[in-house]
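Asks: For reference, the structure I am asking about is given below.
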Amino acid sequence: MRSLFFTLLLLLPTVALAVPTVQPAMLPIGTGADARAAGTARMVGAMLEYTRWPTPRPVLRLCLAGTARYAGRLADISLSNGAQLQLSSLTGAGATRSEGCDALYIGQIDAAPMQGLVTGTRGQPVLTIAEDDPDCGSGAIFCLLYAPQTLSFQLNIDAVSRSAVRIDPRVLRLSKGGY
């Protein structure tokens, strides 16, 4: 029995290498002056569509924090459930609080304020999306991943579990590292 256990341990790396790698869904964004902004709007719109809040939202308030490089087309988002999207910018003293936000889009911001924003949403029905966090270390639910002509995302399962919003489980299959 003991030798069988050690044989399995020796084979484990081989078995692990045989498992196919899952590629994240990549949205082609093309080239052009606002291609990334248009791609970001499509991606954020899809994220909003696959998110469920504890109660329906006839108006969905999307708050922007930090310097968002690719948020220029977020106002173009149209939701299929008929909810209206209202953009709001967190500035000044409100830049570190997400009260009244249903979704929080975080652009470039220093690590400490970003951490404060994200931590402040735990247990709240707020979808967090980080534009400039490729390692997804901020604790945001979604982290956008930009490549030269594509856009993908990473889903932070831990952040989803700490939030009062629910993400359609099929989204995990589309995210970086999804299974």
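The values are calculated or read from the model by the stated rules, or taken from the named source; none is laboratory data. Every value quoted in this text rests on a predicted model; they were computed, and no experiment measured them. Here the Cβ is made from the backbone with ideal geometry for all residues, glycine too, and neighbour counts use every protein chain on show. SASA here: full protein model, heavy atoms, side chains in, ligands and nucleic acids out. Shrake-Rupley method; radii C 1.70, N 1.55, O 1.52, S 1.80 Å.
Asks: Restricting to segment 53-62, and then to whatever is surrounded by 12 or more Cβ atoms within 10 Å (Cβ to Cβ) and modelled with pLDDT of 95 or more, can you tell me which residue is farthest from Ile29 (Cα to Cα)?
Replies: Here the answer is Trp53.
Asks: Show the residue pairs that are 6+ apart or on different chains and have beta-carbon atoms under 6 Å apart, the first residue being within segment 118-138 and more than 14 Å from Gly107 (Cα to Cα) and open to solvent by 30 Å² or more (accessible area, probe 1.4 Å), the second being assigned to a loop (DSSP other than H, G, I, E, B) and of a type in the set (A, V, I, L, M).
Replies: These pairs meet every condition: Gln124/Ala164; Pro125/Ala164; Pro125/Val165.
Asks: Among the numbered conditions (1) within 19 Å of Asp168 (Cα to Cα); (2) surrounded by 20 or more Cβ atoms within 10 Å (Cβ to Cβ); (3) at pLDDT below 95, tell me where Leu48 comes up short.
Replies: In the conditions (1) within 19 Å of Asp168 (Cα to Cα); (2) surrounded by 20 or more Cβ atoms within 10 Å (Cβ to Cβ); (3) at pLDDT below 95, Leu48 misses (3) alone.
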